[in-house]
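**Student:** Dumping the structure here so I can ask a few things about it.
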Amino acid sequence: MSWVSLMRRRGIEPVEEAELGAKTTYRVGGRARAAIEVRSKEEFSRIAAALGELDEPVPVLVLGNGSNMLVSDRGFEGLVVTLNRRSFGGIEIDEGNAATVGSAVALPVAARRVSSLGLAGLAWGVGIPGSVGGAVRMNAGGHGSSIGEVLKEAFVADLAAGGEVMVRPAGRLHLGYRHSGISATEVVVEATFALTPGDPAELGRLIDEIVSWRREHQPGGQNAGSVFQNPPDTAAAALIEEAGLKGLRYGSAQVSPRHANFIQADSGGQAEDVYALIQVVQAEVAKRFGIELGLEVELVGFSGTRSGEAR
């Protein structure tokens, strides 16, 4: 009997052969073995209990907006966990200029909302297409700011440890450059941001400037934003362009002619082409400059890449 069938016997109803790659902003890649949408905090404990009773560990992938993820054409042989947008889509303003935001809220929505209420510190997030949960998980940033600078605490459920929602102060999340210590089996449920008073009109103008800048300098279409982390004291895009790779094509994937740290996928293209082009860029930059480009994009289902396990 499959682990999906066993989960069903324990009252969990995953959807089999669920869309995954198509739900990312790359819009390429395969399906997940199974997926479940969580609609209440109580469900985390039920899912954790069901996973813990299985004989073999099951890989777990938490999916937000899919804006920073490349899924293999082979798909993901595990359980994808998503959060219902209505259940985890709240924005509450707390005392002391703090805002508690549900994990399923899109970061640009949160940025506009709190800015309109005269709270400063998140306006830069209008240009980051991910969810709040995903932004906390990867310590997302842009325009000289990052989540870690304003995050007070996160509420996290660990599917490998009972599923109870626990408060994690920002200082215990081990936030670094495009990184956190949140494991693959941990789900960010909501986050509280410590903000400061600001003028709504000025913050609105700042948001408009950020949106205009990104439209002018960054490509649209099927991509996941910046593919590579910026090395110390330089920009990945500058290294890629200097190496002569801007516009380079590999099958159905291309280094963007507009911004060299973006890799575009053709409609109906292959995730393996994007992955191959990533490797070509890394190898050439290492050869030319002796610099190993780390990834911002998360690889899912490719050989040798990390996957979470819950049991």
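What follows is calculated from the coordinates using simple rules that are stated; it is not laboratory data. The structure displayed is predicted, hence computed values, not measured ones. Note that each Cβ is placed from the backbone with ideal geometry, even for glycine, and that neighbours are counted across all protein chains shown.
**Student:** With θ set to phi - 60° and the Karplus curve 6.51 cos²θ - 1.76 cosθ + 1.60, what are the ³J(HN,Hα) couplings of the stretch 151-167 in order, to the nearest whole Hz, using x for Gly and Pro?
**Tutor:** Couplings: 6, 8, 6, 10, 9, 10, 10, 9, 6, 9, 9, x, x, 5, 6, 10, 7 Hz.
**Student:** To continue, here is another question. Quick check on the chain: of the DSSP beta bridges with both residues there, what percent are antiparallel, nearest 5%?
**Tutor:** Percentage antiparallel, nearest 5: 75.
**Student:** Could you put TRP3, TRP213 in order, starting from the residue whose Cβ has the fewest other Cβ atoms within 10 Å?
**Tutor:** TRP213, TRP3
**Student:** Right, something else. If we count other beta carbons within 10 Å of each Cβ, what is the order of SER256, SER45, fewest first?
**Tutor:** Least crowded to most crowded, the residues run SER45, SER256.
**Student:** Relative to the Cα centre, what is the charge dipole magnitude of the stretch 108-214, using +1 at the beta carbon of each Lys and Arg, -1 at the beta carbon of each Asp and Glu, and rounding to the nearest 20 debye?
**Tutor:** That gives the stretch 108-214 a dipole magnitude of about 140 debye.
**Student:** Also, quick follow-up: Quick one: THR185, THR196, fewest Cβ neighbours within 10 Å first, how do they rank?
**Tutor:** Sorted ascending by nearby Cβ count, the order is THR196, THR185.
**Student:** Please identify, among VAL187, VAL211, VAL300, the residue showing maximal mean-square fluctuation in a Gaussian network model of the chain using a 10 angstrom Cα cutoff.
**Tutor:** Taking springs between Cα atoms under 10 Å, the residue moving most is VAL211.
**Student:** Also: May I ask what percent, to the nearest 5, of DSSP beta bridges between residues of the stretch 1-90 are antiparallel?
**Tutor:** About 25 percent, rounded to the nearest 5.
**Student:** What FRET efficiency would be calculated for the residue pair ARG215, PHE289, taking the C-beta separation as r and a Förster radius of 41 Å, to the nearest 0.05?
**Tutor:** 0.85
**Student:** Would you kindly give the portion of the calculated P(r) for the chain that falls above 37 Å, as a percent of all Cα pairs?
**Tutor:** Percentage above 37 Å: 16.
**Student:** Gap in Å between the Cα centre of the stretch 1-38 and the Cα centre of the stretch 256-289?
**Tutor:** A separation of 28 Å, based on Cα centres.
**Student:** Enumerate the helices in the chain for which the Kyte-Doolittle hydropathy averages -0.5 or more and the C-alpha atoms extend at least 15 Å along the helix's axis, using complete DSSP H runs.
**Tutor:** Correct list, ordered by number: 42-52, 271-289.
**Student:** Sticking with this one: Only four residue types carry charge here, +1 at the Cβ of Lys and Arg and -1 at the Cβ of Asp and Glu. Report the dipole size of the chain about the Cα centre in Debye, rounded to the nearest 20.
**Tutor:** Roughly 320 debye, rounded to the nearest 20.
**Student:** 222 nm [θ] for the chain, helices only, -39500 (n - 2.57) per DSSP H run of 4+, per residue, to 500?
**Tutor:** The helix contribution divided over the chain gives -7500 deg cm²/dmol.
**Student:** Cα atoms only, the stretch 1-145: Rg and Dmax in Å?
**Tutor:** When restricted to Cα atoms, the stretch 1-145 yields Rg and Dmax of 17.1, 55 Å.
**Student:** Also, quick follow-up: At a Förster distance of 30 Å, what's the computed FRET efficiency of ARG249 paired with GLU19, Cβ-Cβ distance as r, to 0.05?
**Tutor:** Result of the calculation: an efficiency of 0.65.
**Student:** Could you run the Karplus curve 6.51 cos²θ - 1.76 cosθ + 1.60 with θ = phi - 60° over the stretch 185-199 and give me ³J(HN,Hα) per residue in whole Hz, x for Gly and Pro?
**Tutor:** Each residue of the stretch 185-199 in turn: 8, 9, 10, 6, 8, 7, 9, 10, 10, 8, 10, 10, x, x, 8 Hz.
**Student:** Roughly speaking, what is the centre-to-centre gap between the stretch 216-238 and the stretch 139-168 when only Cα atoms are used, to the nearest Å?
**Tutor:** 24 Å
**Student:** Something else: For the stretch 140-199, what are Rg and Dmax over the alpha carbons, in angstrom?
**Tutor:** Expressed in Å, the Cα Rg and Dmax of the stretch 140-199 come to 12.7, 43.
**Student:** If you build a Gaussian network model of the chain, linking Cα atoms that sit under 10 Å apart, which residue out of GLY121, GLY294, GLY96 swings the most?
**Tutor:** GLY96
**Student:** Can you work out the base-10 log of I(q)/I(0) for the stretch 91-204 at q = 0.10, 0.13, 0.18, 0.20 1/Å, using the Debye formula on its C-alpha atoms alone?
**Tutor:** Normalising to I(0) and taking log10 leaves -0.26, -0.43, -0.82, -1.00.
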